[in-house]
Structures are given as C-alpha cells and as structure tokens.
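Peer 1: Sharing a structure below in structure tokens format, with a few things to ask.
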Amino acid sequence: MCGIAGYYTPGKPAEESVVQAMCRRIVHRGPDDEGVRVERGCGIGMRRLSIIDLGGGHQPIANEDDSVWVVFNGEIYNYQALRSYLESHGHRFRTQSDTETLVHLYEQEGAAGLHRLRGMYACAIWDSRRNSILLVRDRFGKKPLYYAVNKTGLYFASELKCLLEAGVPVTLDPDALKLYFQFSYIPDPWSPYKEIRKLPPGGWLRFDADGRVEQGQYWTLPVPAESGGPDEAETLRQLRDKFDESVRVRMIADVPLGAFLSGGIDSSSVVASMARQSKEPVRTFSIGFEEADYNELPYARMVADQYKTAHHEMIVKPDSVALAQRLVSHFDEPFGDSSSIPTFLVSEFAVQHVKVALTGDGGDELFAGYESFFWVNNARRFDAIPQPARRAIGWLADQLPYSAYGKNYLRMMSRPTPLLRYFELNYAPYYLRRRLLQSEWMLPADQAFLERTFAHCLAPNGADVLTQALYFEATAKLTGDMLVKVDRMSMAASLEVRCPMLDHELAELAARIPHESKMRGGRGKDVLLRAVGDRLPSGLWNRPKKGFAVPLPMWFRGALRPLLWDTLRSKEFLRRGMVSEGFVNTLLEEHDSGRRNNSHWLWMLLMLELWF
C-alpha cells in the first residue's frame, strides 16, 4: 500500500523537488520507503507501506529496458498468476512484488489488459516511447486518485493536498458543495475545486505530449438481477466458494495481518472464513464505548470466542475535539459521515499489532443489507395513489410547520416517481434543506437532474426502483462515502485495509442473484446468511442491524458542545452565505434539549466549516 503523486508537463522539464514535496504530504500513506523518477517533463513519486516483497519492492519500478515506469498504490491479488502468464510471453522480472506485473502487463496488452487485474489499486504508468502517462483506478474505487488537467499539463495524486502542494490553481466548486449538502459527501467525479476531479472507479485516463486526454472505462458493476438466477442450491455453493476465495487471496502478505471485528454479520463472516483457512489464530480488533447503545463488544466477543482468535478490544475515550479537527486534515474535502470516527479509532488500535486488516465493507450494498431497501420497496404502494391526490398531499406537506412530525413522510409520499421517493427517503430531507440553506445552495428536486448528474450510477431506464437503489448504493455511495472513509482513516494510521466483500468476481456473482433471494422474510442479506451463516454464533442471526457509530449525540451535548456551538455560530461560518442563521440555531437548540437528534446534520455542518 502506498501513496502516489506526480505530474507531466510536456513543455517544461519536471523537477524532482516538486514531486518530493508532493509525496511529503502523504508520508502517512507510506512511512516505510519513498521513490521518485524524473524524465523529461514527467515526474512520478511514491510513499510506500511495505506489504509484499519487503526488500525488493522499491518504487518506481521499470520494465526490462527502462522505457516504462510505474508508481502504484494498492494490491494485486492475482499477481502470481499474472507473473506466470507474462513470463510465458518472454517478460523478465527483477522483483517478487505485485507492482512489477503492471509494467509488463502494460507492455503486453496496454490499457486492454486492465480487465485481468484483481485487487485494489490506483497507479500511474509513464511510457517514455509514447511520451504519455496512463492513470488507472480499481473497479470499485477503493484507492483514490485525484487529477487536474490545465494549460501546463497533468497533475495526479492519491490525496488532494498533493495537487495543492504542486501549485495547481483552484477555485471553489459550488456544484460540488451543493451535492455535499444533499449527500454529506462529494460524489465522484467531483471535488471541492472546479479544476480537480477524481478518476472514476474502473476507469483510466491517458495524457500525451500534445496535451490530448483520452479516457475509458474497463469495468462497470453489472446491474442487479430483478428475478431468475441459477438454482438455489447451486447459488449457495458458488457464493460460499467465491466468498472463501475472496478472503483467501486477501490473506497474502509478508507482514502481520488481522481483521476488524464489529460483531455484525459481514465482519464476522470474514473472520470465520479467515479462521477456517488459517493455521494460526486470526488477530481480531474491536472497539466499544461506555454508552451501552454504541457498544457492540459482546457480539464481537461471541465470534472471537467461537474461533479462538487472538482478540484485542478496547473501550475508547477519545479527545473528541482534537479528533474532529484531525479527521478534517485527512479528508481534504468536506466529509460528513461520522462513522469515520470509529474507523479511525479501530485503525489506530489495530496498527499497534498488524500492518494489514480485513474488513466486511460492501456486504450491505451487494446483498441488500440496509433497511432502506425495504422502505423503498414498500413505498411502491404509493404508485397506486393518483397523481392529483399526490399533488394535494404535497401541498398539505408544504403547509405544515417544520416542527410537525410526518411532514417529510408526506413529502416523500407525494413524489411523482419511485426514484424521487428513494432520494427523499435516504438523503437530506427536502424541508430541512429548504429551511437550512439559502436558495442558491439548493439542488433541483426533479428526476431529470438526478438522471443527468448520476447517469453513471443509475441502472438503465426500465429498471425498478429497488434495482435503482441497489445500484446507486453500490456505485455512488459506496465509492464516494464508505470507501473514502475506509481509505483515509486507515491510511491516516498507516494501516492497509482489504475488503473481501468487494472482490469484483464476488460482486459479479452477487449481481446475478435476484432480489427475492437477498431480501426474504423481512431480512436483508438472506442469501449470504444461508451461504455462510452456519459458521456464526446464533446470537448474531437476528440481532437488530446497527451501523458503525459513535455516541455523537451525547458528545454534542458534552465534550464537543463548545466546538460545535462556537463554530456554527461564528461570523466566519455565517458570512459564507450558505445557511440560515436562525435555522442553525434551531438545530442546535433542538438537539441540546433532546427534542430531536440532529447530530447527523450538525456534524455535516461542523465538518464543512472546519474544512473551510
């Protein structure tokens, strides 16, 4: 695992000192080693967290005649098979690292060879013969890759701060911040700056000496099947085998390896699979809080006891004020998902014992684990309400005072299409945003805008709303929220995190399984439970689902209260002209009194202003 950075300015020689300065900003991503290659107008660099071939995997790495060079962030899990394939075609390897397979695969097949990769990665390949540089990002976007193209050339890096270090001029992107107010994160390909974008998951970009930019997509997530699929018994067998294989290939490392264990179905299933395939006890890591509603250590301990893992657990009492400010510096952009806090804490805890940890991220998106999928499915009944009646319901919702319970539900019911109801159910309520934001910071509330903005994250026309919801969660939200959180928080602690659930072969299998197999008897992830659930303690089967959360509501009435109130009532925040001062006060006072839990929206605003 590494951080990468660099630039290509065809009309001007690259400077090693600039690349080194970019890489110094991401030492946390790779504290073990560094490397830079400068040739003509191209400079590429990396910071390395050594995981495979500790002694021989120094980057940048070149091909046999030094005409192709690569810097790479991630892991290629099928690198040994790729190496055999490439050696059979005459390529000669200098190291035992997975990184070197990239330069030879590029020589052999160019960008067309990307479909052969199985792993998580972001890389830059400099081709001195073609005077071009190729940027690549993995299928789900587990590894980040920012880039900017301007009149001087191409700039790229694992983290946005590197581009600022290189002097890339930037201006605020209001459209990106409007999306933040809606989703609590900035979706791909946007960044908070107009001049900087994120390379799409499963995508590549080539920049040549004439300043030409060529982009392509080598993989997209298959649209989930609505019905049909293979025989049930065969599905369970395939799913169990592919799940275990996805775990097994992610256990390859030349350093200590473990797993996060939250006590949920997904992380517990990963640990169970690891234990069944490991000769040594699996190292597991769990954190809890003094507040009982946020402490899941007893559930994690059930799995640890059953598989006799080398279990480590901790009740955390973080300095929440210092922690909040620290997180902002690692995200480089507004990020309002408060589950970043426990992700960072468990990463800091685990890295004291291991350098690699497996996690259960992705199970809810691929196997319909969120309760919201049931809500949106049940909301189909509102299709039977005639449009004039729905318009009347919408008018009624508009007349009710903001404090009226049910106002947002009526708004959702009144929406003219199932897709709009899904967004009303799952993201920032319309009436809250209308009260909170100045009008120019509101996004359009129509389906045409959603289809235009998220064309790459919505299933083709004709797909039902459940299919649309599953696809959006597994593309836009997974990439822009969940995986950003995991990458930034684990790399802030210099820990590599691997996600077996997001193996692309497992994801393709999951997409072929129909909805009714995933959502059965009021339970999400049913097919996954039937495939591997017999490995888990029975106490986990029907426990209520909980997210990876912290006692933020209490912290906002306690240790974090001064920071929250001082920040959101500050002249600097209010002068930005984004929010209504009166409604911000309403949110603060409602939360303080316990009338409403506004912690999600308050955290989102706090993170925005701390970022500013």
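Peer 1: Subtracting the Cα-Cα distance from 0.36 nm times the residue separation, let me have the gained length for ARG561 to TYR405 in nm, one decimal.
Peer 2: Details: separation 156, 0.36 × 156 = 56.16 nm, distance 2.60 nm.
This chain segment gains 53.6 nm when fully extended.
Peer 1: Heavy atoms only, probe 1.4 angstrom, no DNA, RNA or ligands counted: give me ASP592, ASP138 ranked by accessible area, highest first. Kindly include the intermediate steps, with their values, before the conclusion.
Peer 2: Working: ASP592 55, ASP138 0 Å².
Of ASP592, ASP138, the descending order of accessible area is ASP592, ASP138.
Peer 1: Which distance in nm do the two modelled labels at ALA225 and PHE612 give, with both placed 7 Å along the Cα-to-Cβ direction?
Peer 2: 5.0 nm
Peer 1: May I pose another question? Under a 1.4 angstrom probe, counting protein chains only, how are HIS353, HIS89, HIS591 ranked by accessible area, largest first?
Peer 2: Values: HIS353 75, HIS89 95, HIS591 0 Å².
Most to least solvent-accessible, the answer reads HIS89, HIS353, HIS591.
Peer 1: Just report the Cα centroid separation between segment 13-32 and segment 550-566, whole Å.
Peer 2: For segment 13-32 versus segment 550-566, the Cα centre distance is 36 Å.
Peer 1: Moving to a separate point now. How large is the translational diffusion coefficient of segment 167-250 in µm² per second when you combine the Kirkwood radius over alpha carbon pairs with Stokes-Einstein at 10 °C and 1.306 mPa s? Before the final figure, lay out the partial values.
Peer 2: Details: Rh = 17.3 Å.
It diffuses with D of about 92 µm²/s by this estimate.
Peer 1: May I ask for the percentage of alpha-carbon pairs in segment 473-546 that lie more than 21 Å from each other?
Peer 2: 44 percent
Peer 1: Could you compute the net charge surrounding LEU608? Neighbours are other residues with a C-beta less than 11 Å from the C-beta of LEU608; K and R count +1, D and E count -1. Mind showing how you got there, number by number?
Peer 2: Values: positive: ARG576; negative: GLU333, GLU609.
Cβ neighbours under 11 Å give a net charge of -1.
Peer 1: Over the Cα atoms of the chain, what Rg and Dmax result, in angstrom?
Peer 2: 24.2, 74
Peer 1: Quote the charge dipole size of segment 473-612 about the Cα centre in Debye, to the nearest 20; the model charges only the Cβ of Lys and Arg (+1) and of Asp and Glu (-1). It would help to have the intermediate numbers written out before the result.
Peer 2: Values: 22 positive and 17 negative charges, 86 e Å.
With Lys and Arg at +1 and Asp and Glu at -1, about 420 debye.
Peer 1: Quick one: order ASP244, ASP503 from most to least accessible surface, probe 1.4 Å.
Peer 2: Working: ASP244 25, ASP503 0 Å².
Highest to lowest solvent-accessible surface, that is ASP244, ASP503.
Peer 1: Next question. Residues of segment 456-475 with the amide nitrogen closer than 17 Å to a label point 7 Å from the Cα of TYR427, along Cα-to-Cβ, please.
Peer 2: Counting only backbone N, you get 456-460, 465-475.
Peer 1: Heavy-atom accessible area of ASP534 with all protein chains present, probe 1.4 Å, nearest 10 Å²?
Peer 2: Accessible area, nearest 10 Å²: 120 Å².
Peer 1: Per-residue accessible area for TYR121 at 1.4 Å probe radius, Å² rounded to 10?
Peer 2: Surface open to solvent at TYR121 totals about 0 Å².
Peer 1: Okay, moving on. Hey, rough spin-label estimate for GLU87 and ARG596, points 7 angstrom out along Cα→Cβ, what's it come to in nanometres?
Peer 2: If labels sit at GLU87 and ARG596, their model points lie 6.4 nm apart.
Peer 1: If you take every residue apart from THR152 with its C-beta less than 12 Å away from the C-beta of THR152, what net charge results, scoring Lys and Arg +1 and Asp and Glu -1? The partial results should precede the final answer.
Peer 2: Numbers: positive: LYS12, LYS151; negative: GLU195.
Result for the local shell: +1.
Peer 1: Here's something else I'd like to know. At 0.36 nm per residue, minus the direct Cα-Cα distance, what do ASP305 and ARG512 gain on full extension? Give it in nm, one decimal, please. Spell out each step's value before the answer.
Peer 2: On the way: separation 207, 0.36 × 207 = 74.52 nm, distance 3.47 nm.
Fully extending the segment from ASP305 to ARG512 adds 71.1 nm.
Peer 1: Using the per-residue mean of other Cβ atoms lying within 10 Å as a proxy for protection, in what order, highest first, do the peptides 426-438, 264-276 fall? Write down the numbers at each step before the final one.
Peer 2: Numbers: 426-438: 17.5, 264-276: 24.1.
Going from most to least packed, we get 264-276, 426-438.
Peer 1: On a C-alpha basis, how far is the centre of segment 55-122 from the centre of segment 567-610 in Å? Whole number, if you could?
Peer 2: 49 Å
Peer 1: What residues from segment 345-359 fall in the zone where the backbone N is under 19 Å from a label point 7 Å along the Cα-to-C-beta line of SER329?
Peer 2: Under 19 Å, as judged by backbone N against the label point of SER329, lie 345-349 of segment 345-359.
Peer 1: Please give, to one decimal in nm, the separation of the simple spin-label points placed at GLU64 and ILE385, each 7 Å out from Cα toward the Cβ.
Peer 2: Calculated label separation equals 7.0 nm.
Peer 1: Count charges around ARG92 for me, please; just the other residues with Cβ under 13 Å from its Cβ, Lys/Arg as +1, Asp/Glu as -1. Before the final figure, lay out each step's value.
Peer 2: Numbers: positive: ARG83, ARG94; negative: GLU64, ASP65, ASP66, GLU87, GLU100, GLU107.
The answer is -4.
Peer 1: Using amide H atoms built 1.01 Å from N in the peptide plane, name the residues 5+ places from LEU145, or on other chains, whose amide H lies under 5 Å from its own.
Peer 2: It is LEU199, by chain and number.
Peer 1: Something else now. Which value in deg cm²/dmol, rounded to the nearest 500, describes the helix-derived mean residue ellipticity at 222 nm for the chain, given -39,500 (n - 2.57) per DSSP H run of n ≥ 4 and division by the residue count? Mind showing how you got there, number by number?
Peer 2: Working: 27 runs with 246 residues, N = 612.
The per-residue figure over the chain is -11500 deg cm²/dmol.
Peer 1: On a C-alpha basis, how far is the centre of segment 290-360 from the centre of segment 394-472 in Å? Whole number, if you could?
Peer 2: Value for the Cα centre distance between the two parts: 32 Å.
Peer 1: Can you figure out the FRET efficiency of SER278 with GLU234, using R₀ = 35 Å and their beta-carbon distance, to the nearest 0.05? Kindly include the intermediate steps, with their values, before the conclusion.
Peer 2: On the way: r = 28 Å, r/R0 = 0.79.
The value I calculate is 0.80.
The values are calculated or read from the model by the stated rules, or taken from the named source; none is laboratory data. Please read these numbers as outputs of a predicted model, since none were measured by experiment. Glycine also receives a Cβ, built like all others from the backbone with ideal geometry; neighbour counts cover every protein chain displayed. For the accessible areas, the whole protein counts, side chains as well, though only heavy atoms, and no ligand, DNA or RNA atoms are used. Shrake-Rupley method; radii C 1.70, N 1.55, O 1.52, S 1.80 Å.
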